[in-house]
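Note sheet for the following structure.
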Amino acid sequence: MAINRIAHGSRVLAVVLFLLTVNYGEAIWLTIPTTGGTKCVSEEIQSNVVVLADYYVVDEHNPENTPAVSSKVTSPYGNNLHHQENVTHGQFAFTTQEAGNYLACFWIDSTHPLANPITLGVDWKMGIAAKDWDSVAKKEKIEGVELQLRRLEGLVQSIRENINYIKEREAEMREVSETTNSRVAWFSIMSLGVCVVVAGTQILYLKQYFHKKKLI
């Protein structure tokens, strides 16, 4: 019994350590072409989620004279959440108002072409990852294991909310699929009915025509 308890405790400790080492943010590297092209990052986010992001230019060919980029972030409904031009480093922060795909796009000013493409790093954080835990620790006077447990509690809550969101989206997609299948079935039945009516009308017309011509 003691061995089982030790094994169970070890598994729990392993899970806790794994969750503590999870990367709560998302680091993305983009290569932006010099020919006026645009690179975008899309993320599907539910409503009422805090989003923080830092982006910075890395130019290995010319580190002393780093080129500038422009950026624009839009909501699923096309609202402009962030717009900045000709910067080597920038950041944006917002709280989502609606669920859907949020788009962040980056490009180089085409009036100043470069010899080589540049690399852009985007550090994208959402929800629990965007929370300032240092401020929480100072405000509530917690530290160490208690602070880590608070972070785990927030992470579990975030996972639960994401699962509920996925379930809701799945239910919506299933309802749309069932509605579409029903409409397709009714359309097929109506099309078959129209074909039968047209075929019957043609047969009656040909029969009357042949009678008039005394061919039958």
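For the reader, a short list of remarks on this structure follows.
- Within the shell of other residues whose beta carbon sits under 12 angstrom from the beta carbon of Gly90, the net charge comes to -2, with Lys and Arg scored +1 and Asp and Glu -1.
- Exposure of Ile203 as accessible area (Å², to 10), given a probe of 1.4 Å and all protein chains: 110 Å²
- Shape category assigned to region 161-216 from the gyration tensor of Cα positions, a/c cut at 1.5: prolate
- Sites Thr201 and Asn48 - FRET efficiency at Förster radius 45 Å, r taken between beta-carbons, to 0.05: 0.15
- Electrostatic tally near Ala104: other residues with Cβ closer than 9 Å to its Cβ, Lys and Arg +1, Asp and Glu -1, net 0.
- Of the listed residues Trp107, Trp124, Trp186, the order by accessible area with a 1.4 Å probe, largest first, is Trp186, Trp107, Trp124.
- Close amide-amide hydrogen proximity is noted between Ala99 and Ser47, each under 5 Å apart and 5 or more residues distant or on a separate chain (H modeled in the peptide plane; Pro and chain starts excluded).
- Note on exposure: Met173, Met126 ranked by accessible area (1.4 Å probe, complete protein assembly) read Met173, Met126, with the most exposed listed first.
- Of the residues Cys195, Cys40, the one with the largest accessible area comes first in the ranking Cys195, Cys40, computed with a 1.4 Å probe on protein heavy atoms.
The values are calculated or read from the model by the stated rules, or taken from the named source; none is laboratory data. Since this is a predicted model, take the numbers as computed values, not measurements. Note that each Cβ is placed from the backbone with ideal geometry, even for glycine, and that neighbours are counted across all protein chains shown. Surface accessibility is based on the protein's heavy atoms, side chains included, excluding ligands, DNA and RNA. Shrake-Rupley method; radii C 1.70, N 1.55, O 1.52, S 1.80 Å.
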